[in-house]
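The values are calculated or read from the model by the stated rules, or taken from the named source; none is laboratory data. Computed from a prediction, not measured in an experiment: that's the story for all the values here. Here Cβ is always computed from backbone atoms with ideal geometry, including for glycine, and neighbour counts include all displayed protein chains. Heads up: the accessible areas ignore ligands, DNA and RNA and are worked out on the full protein's heavy atoms, side chains in. Shrake-Rupley method; radii C 1.70, N 1.55, O 1.52, S 1.80 Å.
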Amino acid sequence: MRRVLQLMALVLVCGSAPSWSDQNNPELDELFRLLHEVTSPAEASVLTRQIWQNWYQSDNKEVEALMRQGEISMRTGKLEQAVEIYSRVIDIDPGFAEGWNRRATVYYMMGRYQSSTADVVETLKLEPRHFGALSGQGMIYTQLRKIDLALEYYERALEVNPHMTGVRISIEAIRKYLQKEVI
């Protein structure tokens, strides 16, 4: 119960208008620490959402507006437009990891795996704990049938965020596949 109360207090503090946002927010260290301590899926979900919220925010209003536009373009299937928008985000603030990650996601959706990988590399340079980018790279390698590399990235994602059920399922599937290949 004490941990739940601590978590709720942290979320309230972090959830208020952040004085520092994006992957450089010093509160992320505490969120990641707690993410490794919690066992409840509900608690993990709250922490994961808070981490994403920090990554997504920028202190640059133009970047925030572009991020919202890019999200709309992605959701409505206007992928070329989304690439252009996220490229503008990167031009404005190349140190903003989520701009790179979102463009990597769009490139993946377009089947442009080499471009997606290049953006994942940039994302991870800025935020090595970016479990979304790590699992995304696992998805890319799965599509490219580079199963050993896919497994490596999925495992890295799970090390950072042990509550990623989909990643855990992907790891199990790959291990079963690799066992069949050995036999």
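Project the alpha carbons of the range 28-70 onto their principal axes and report the range along each, largest first, in whole Å.
37, 18, 9
When all alpha-carbon pairs of the range 106-150 are counted, what percent fall beyond 13 Å?
50 percent
Given a 1.4 Å probe, how much area per residue of the chain is accessible, in Å²?
So the chain comes to 55 Å² accessible per residue, rounded to a whole number.
Hey, what did the range 10-157 get for relative contact order, percent, Cα under 8 Å, at least 6 apart?
Relative contact order for the range 10-157 comes out at 15 percent.
Among Ala173, Leu144, Val120, whose Cα lies farthest out toward the positive end of the dipole of the range 117-183, if unit charges sit on the beta carbon of Lys, Arg (+1) and Asp, Glu (-1)?
In the range 117-183, that residue is Ala173.
³J(HN,Hα) across the range 27-38 via Karplus (A = 6.51, B = -1.76, C = 1.60, θ = phi - 60°), whole Hz, x for Gly/Pro?
The phi angles translate into 5, 4, 4, 5, 4, 5, 4, 5, 4, 7, 8, 6 Hz.
Hey, got the dipole for the range 78-183? About the Cα centre, +1 on K and R Cβ, -1 on D and E Cβ, debye to the nearest 20?
Rounded to the nearest 20 debye, it is 340 debye.
Bins of 5 Å, beginning at zero and ending with the bin holding the largest distance: percent of Cα pairs per bin for the chain, please.
Over the chain, the share of Cα pairs per 5 Å bin runs 1, 8, 16, 17, 18, 16, 12, 6, 3, 1, 0, 0 percent.
If you put +1 on each Lys and Arg Cβ and -1 on each Asp and Glu Cβ, how big is the dipole of the chain around its Cα centre, in Debye rounded to 20?
About 640 debye.
How much accessible area does Val38 have with a 1.4 Å probe, in Å² rounded to the nearest 10?
Only protein atoms counted, so the area is about 10 Å².
Taking all protein chains in place and a 1.4 Å probe, what share, in percent, of the accessible surface of the chain do carbon and sulfur account for?
Exposed carbon and sulfur together represent 55 percent of the surface.
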